[in-house]
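The values are calculated or read from the model by the stated rules, or taken from the named source; none is laboratory data. Values in this document were obtained by computation on a predicted structure and should not be read as measured data. Here Cβ is always computed from backbone atoms with ideal geometry, including for glycine, and neighbour counts include all displayed protein chains. Quick note on the areas: whole protein, heavy atoms, side chains included, nothing else; ligands and nucleic acids left out. Shrake-Rupley method; radii C 1.70, N 1.55, O 1.52, S 1.80 Å.
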Amino acid sequence: MTRSIVIDPFFKLEEERSNMLEETLATIKKTSSSDLRRSLQVSFKGEKGVDAGGVTKEFFQLLSEELFDLNSGMWTDRFGNDITWFNSDCMWDDEGYELTGVLVGLALYNSVLLDVHFPMAVYRKLLGYPLGLEDMVDPELKRGFRQLLDYDGDDIEDIFCLSFVVTWTDGLGKERKVDLKPGGSNIPVTSDNKEEYVRLYVTWLLVDSIYPQWESFERGVMRVMEDASLNLFRPEEFELLVVGSPELDFDALEAHAQYEGGYDKDSETVKNFWKFIK
């Protein structure tokens, strides 16, 4: 008698809608990286149906809404509502950041787009690119730094009144400070050290201030994508893999559309559809 070994090609998730985040976290914690890299198949408890892609997309959408919710405390809106950035004051949810990273990795691996607004700095960091002023997530700070760097006068101390210190208000309304280098609060920014000031500030904001949050997030992504050839992509291409294109070509979609059920391109319903969708 010949014994055969059957290997399940799917990573299966059966979730309760009312407790999806906690169940997903518990499952992922005990799942190996190799199993995470199987084709994802999702089902919701008590609901019949075969996952042909739609259930998986709904799963990612629902989970994204929870994980990227500002009320979770994991993200900050300091840089605008259209930018998803790590809350540097959140020191209590390593598992949440890691689960978010796994979610991004699973979405990439299963070709599912996410509704998330990461700045380009996130994709550059994941690909190991060096970061600079162009990657700043705060547009006002970026403009201010450019004005500082472009200023040719010798009276920078009097005009900009800066020192090597960062000041911000945390989620509890408390003012916090950190020196960009030892004794920074007592070191004025001058024409001789302004480049150093900008470099240290950019490094602090994009790297140092979010180090523990980023470490957990990156660990989650790489649990799925560690053997993938991500270095083949440019950051802009990587972003397209995660969120798709923000511009949709409806003319191209209409030109290649095929109709069923008695409809054709001249049907009144079809004409109205394209009229309103455009």
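State the answer as a single residue: which of 161, 210, 145 lies farthest towards the positive end of the charge dipole of the chain, with beta carbon charges of +1 for Lys and Arg and -1 for Asp and Glu, about the Cα centre. The one lying farthest along the dipole's positive direction is 210.
With every protein chain left in place, what is the accessible area per residue of the range 147-278 in square angstrom, probe 1.4 Å?
Heavy-atom accessible area per residue stands at 67 Å².
For Rg and Dmax of the Cα atoms in Å, computed directly from the structure shown, the correct entry in (1) 18.7, 60; (2) 21.2, 68; (3) 23.9, 90 is (3). Only the Cβ atoms of Lys and Arg (+1) and of Asp and Glu (-1) were treated as charged; on that basis the dipole of the range 23-100 about its Cα centre amounts to roughly 460 debye. Charged side chains reduced to their Cβ positions (Lys and Arg at +1, Asp and Glu at -1) give the range 1-130 a dipole of some 700 debye around its Cα centre.
Would you calculate a helix-derived [θ] at 222 nm for the chain, using -39,500 (n - 2.57) for each DSSP H run of n ≥ 4 and dividing by the full residue count, to the nearest 500? Before the final figure, lay out the partial values.
Numbers: 12 runs with 121 residues, N = 278.
Result for the chain: -13000 deg cm²/dmol, rounded to the nearest 500.
What is the magnitude of the charge dipole of the chain about its Cα centre, with +1 placed on the Cβ of each Lys and Arg, -1 on the Cβ of each Asp and Glu, and no other charges, expressed in debye to the nearest 20? Provide the component values of the computation, followed by the final result.
Working: 29 positive and 53 negative charges, 182 e Å.
Taking the Cα centre of the chain as origin, the dipole is about 880 debye.
Counted residue by residue at 0.36 nm each, then reduced by the alpha carbon distance between them, the extension gain from residue 207 to residue 245 reaches 11.0 nm.
Using only Cα atoms, tell me the angle between helix 268-277 and the longest principal axis of the chain; keep it within 0 to 90° and round to the nearest 10. Result, in degrees: 20. So in the chain, what percent of DSSP beta bridges are antiparallel if you round to the nearest 5? The antiparallel proportion sits near 55 percent.
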